[in-house]
Amino acid sequence: MQKLQDKYENITFPKIECKDGWYGLLDSGFRSINTSLAMCLTCKISVSSIQSKYGALRVFYSLSKESPGREEEQDECEGYVLDTMTSMEEASQYICETCGTTFNILTPDGYALETICKPCHEGSHKGRLH
Ligand SMILES: [Zn+2]
């Protein structure tokens, strides 16, 4: 996940607590957020943590609006960032956190508290279930 920090130098990622399977998702999400921030110029994002909670991605962040800035532009930027975060969090529920596949995803339940595909699940729990 260090790759993400190297790629988006203007955003600080202090804590990334999810597995590499979600890298592609985070990469495309932060790419669009970065574009929006670059156009707005007066909004700054600060990411406090990126976690995996009950099989879904959770990004904790705050957006600061610096002055002088055009309020309309900043509101638009804020809305765009929120929409992107929301769609990343929704999409994560269908992407294996371990390998990144969207095939054979098991629904998080008592056995798998994370979003994981069948092969990854069987690999990591071999001999423990049934
Ligand atoms: Zn997998």
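Readers should treat all values here as calculations from the given coordinates under stated rules, not as data from a laboratory. What you see is a predicted model, and the numbers here were worked out from it, not measured in a lab. When we count neighbours, we look across all protein chains shown, and the Cβ atoms used for this are built from the backbone with ideal geometry, even at glycine.
Once each of the chymotrypsin sites (Phe, Trp or Tyr not before Pro) sitting in a DSSP loop with at most 15 other beta-carbon atoms within 10 Å is removed, the chain keeps 1-53 as its longest stretch.
In the chain, the DSSP beta bridges split such that about 85 percent are antiparallel, to the nearest 5.
So what is the calculated 222 nm ellipticity per residue for the chain, using -39500 (n - 2.57) for each DSSP H run with n of 4 or more, over all residues, to the nearest 500 deg cm²/dmol? Mind showing how you got there, number by number?
On the way: 4 runs with 53 residues, N = 130.
It comes out at -13000 deg cm²/dmol, rounded to the nearest 500.
Hull volume per residue, based on the alpha-carbon atoms of the chain and their convex hull, is 97 Å³.
What is the sum of charges around Met85, taking Lys and Arg as +1, Asp and Glu as -1, for the other residues whose C-beta is under 12 Å from the C-beta of Met85?
Values: positive: Arg58; negative: Glu78, Asp83, Glu89, Glu90.
Residues near Met85 contribute -3 overall.
What do you get for the angle between helix 23-40 and the principal long axis of the chain? Use alpha-carbon atoms, 0 to 90 degrees, nearest ten. Once rounded, one gets 10 degrees. Only the Cβ atoms of Lys and Arg (+1) and of Asp and Glu (-1) were treated as charged; on that basis the dipole of region 1-128 about its Cα centre amounts to roughly 620 debye.
Ordering Gln74, Cys43, Gly100 by Cα displacement along the dipole of the chain toward the positive end leaves Gly100 in first place; charges were set at the Cβ atoms of Lys, Arg (+1) and Asp, Glu (-1). Counting only GluC sites (Glu not before Pro) that are in a DSSP loop and have at most 15 other C-beta atoms within 10 Å, tell me the longest site-free stretch of the chain. Value returned for the longest uninterrupted segment is 67-130. Residue by residue, region 70-79 carries 3J(HN,Hα) couplings of 7, 3, 4, 5, 5, 5, 5, 4, 4, x Hz when phi is fed to the Karplus relation 6.51 cos²θ - 1.76 cosθ + 1.60 (θ = phi - 60°); x denotes Gly or Pro. Checking the Cα-Cα distances for Lys3/Lys53; Lys19/Lys118; Lys15/Lys65 against a 20 Å cut-off, the pairs over it are Lys3/Lys53; Lys15/Lys65.
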